[in-house]
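First the structure, in the form of structure tokens, and then the observations on it.
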Amino acid sequence: MSLDNRPQYSGGCQCGAVRFRVEGALGEASVCHCRMCQKASGNFYLPLVSARQAKLTWTRGEPKRFRSSNHASRGFCAECGTPLTYEAPDGVALAIGAFDDPSGIAPVIQWGIEAKLPYVDEIPSLPGEDTMADVDAAAFLADLVSYQHPDHDTEEWPPEAKR
Amino acid sequence: MSKAVTGGCQCGAVRYSVAELHDNAHLCHCRMCQKAVGNLFAALIGASKSKVSWTRGEPSVFRSSEHVERGFCEKCGTPLFYNYLSSERINLTIGSLDHPERVKPKGHDGIEGRMPWFSELATLQDYGETEAGDSAEWAAAIKRTSRQHPDHDTEEWPPAAHQTESKP
């Protein structure tokens, strides 16, 4: 929350070259299964939340945009590729996974179900493992040094060590 | 039937062909995969690097740690792969395949990062098809002017009609 009690959110891309802040209430969170959202995000569906009623500020860098049709553009980080926005004439929606705390933004509706993949509803019932549980990858994970931006704003980025 | 599959980014500047996919389709919920793809998880399937050909353009990469780079299209941003550098295997994003419906995932990785409400997603209210209901007109307008590459290889891209339109 900000000083005047408005909700506040932050987020950005994986490398941290693009960061954003949202002040005010977010709209309805959704996932979109349409084939354009699938291919734009390289994924099964694209989770988005509208920021049209809130104040969106790009606090570091700006997304690069691909005009995916004459009505809409999709923003992403030119340095690392993280999908960041879906921008239509009625406002900007942000990729939920790009928020520093996506767990607080649970989708409540689904769009574009004509392209919903036939196995998507079965996914929650698949077996699951922690990242560290993969014995084959233990050595790889033990000395892994992440270059991902942390899940909060930083004064300077990248840190000196990584430049 | 050939095991070869094709895929690429949204705008079509980067296209690939894979002679044979591995049988390891999965979702990774770890926070690095989440943020790399701006999503709740990365959906990935492996292939031997020797079996992958970049048939149009080349992906850009971000070195997300010492051991891994992540590929994407510099023109439209579509996340394309997770590459564990010392492995002979690369993991491609399932959504970038031309036919993701043919690749059914088998399991979840990185569940320490899984969203607490992940298992509820399948039960969410369904707002119907893109081209039906209140948004039909909007969807039709998008379809007429879509610059998304079709889900198959093309001789030339973008089509001449796209090239003449002004950039945003």
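The values are calculated or read from the model by the stated rules, or taken from the named source; none is laboratory data. Because the structure is predicted, anything quoted here is derived from the model rather than measured. Using ideal geometry, Cβ is built from the backbone for each residue, glycine included, and neighbour counts are taken over all protein chains shown.
Would it be correct to say that B:SER64 is more than 16 Å from the chain's Cα centre (by Cα), closer than 17 Å to A:CYS77 by Cβ and buried (at least 18 other Cβ atoms within 10 Å of the Cβ)? So B:SER64 fits the description; yes.
Within the bounds of segment B:114-134, is there any residue that is within 17 Å of the chain's Cα centre (by Cα), of a type in the set (A, V, I, L, M) and more than 7 Å from chain A (Cβ to nearest Cβ)?
Looking through segment B:114-134, none of the residues is within 17 Å of the chain's Cα centre (by Cα), of a type in the set (A, V, I, L, M) and more than 7 Å from chain A (Cβ to nearest Cβ).
Candidates in segment B:41-56 are the residues that are within 14 Å of chain A (Cβ to nearest Cβ) and small (Gly, Ala, Ser); of these, the one that is farthest from A:GLY128 (Cα to Cα) is B:GLY46.
Per-residue answers, yes or no, for (1) at pLDDT 95 or above; (2) part of a helix (DSSP H, G or I); (3) over 25 Å from A:TYR119 (Cβ atoms):
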{"site": "B:GLU74", "(1), (2), (3)": "yes, no, yes"}
{"site": "B:GLU101", "(1), (2), (3)": "yes, yes, no"}
{"site": "B:PRO105", "(1), (2), (3)": "yes, no, no"}
{"site": "B:GLU120", "(1), (2), (3)": "no, yes, no"}
{"site": "B:THR130", "(1), (2), (3)": "no, no, no"}
{"site": "B:ASP134", "(1), (2), (3)": "no, yes, yes"}
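If you go through segment A:137-151 and keep only what is in contact (Cβ under 8 Å) with a residue 40 or more places away in the chain and among the aromatic types (Phe, Trp, Tyr), you end up with just A:TYR147.
Of all residues in segment A:98-115, exactly one satisfies the criterion of being within 13 Å of A:ALA40 (Cβ to Cβ) and either facing chain B (nearest Cβ under 7 Å) or part of a loop (DSSP other than H, G, I, E, B) (or both), namely A:GLY112. Screening A:CYS32 against (1) at the interface with another protein chain (Cβ under 10 Å from one of its Cβ atoms); (2) free of Cβ contacts under 8 Å to residues at least 40 places away in the same chain leaves a single unmet condition, (2). Residues of segment A:65-90 that are touching a residue at least 24 places away in the same chain (Cβ under 8 Å), assigned to a loop (DSSP other than H, G, I, E, B) and of a type outside the set (Gly, Ala, Ser): A:CYS77, A:GLU79, A:CYS80, A:THR82, A:ASP90. Going by what's in this entry, would A:ARG52 be described as without any contact (Cβ under 8 Å) to a residue 12 or more places away in the chain, surrounded by fewer than 24 Cβ atoms within 10 Å (Cβ to Cβ) and either farther than 25 Å from A:TYR147 by Cα or not acidic (Asp, Glu) (or both)? Considered against the rule, which asks whether it is without any contact (Cβ under 8 Å) to a residue 12 or more places away in the chain, surrounded by fewer than 24 Cβ atoms within 10 Å (Cβ to Cβ) and either farther than 25 Å from A:TYR147 by Cα or not acidic (Asp, Glu) (or both), A:ARG52 comes out as no.
Going by the conditions given, is A:PRO47 surrounded by 20 or more Cβ atoms within 10 Å (Cβ to Cβ) and within 19 Å of A:ASP153 (Cα to Cα)? So A:PRO47 does not fit the description; no.
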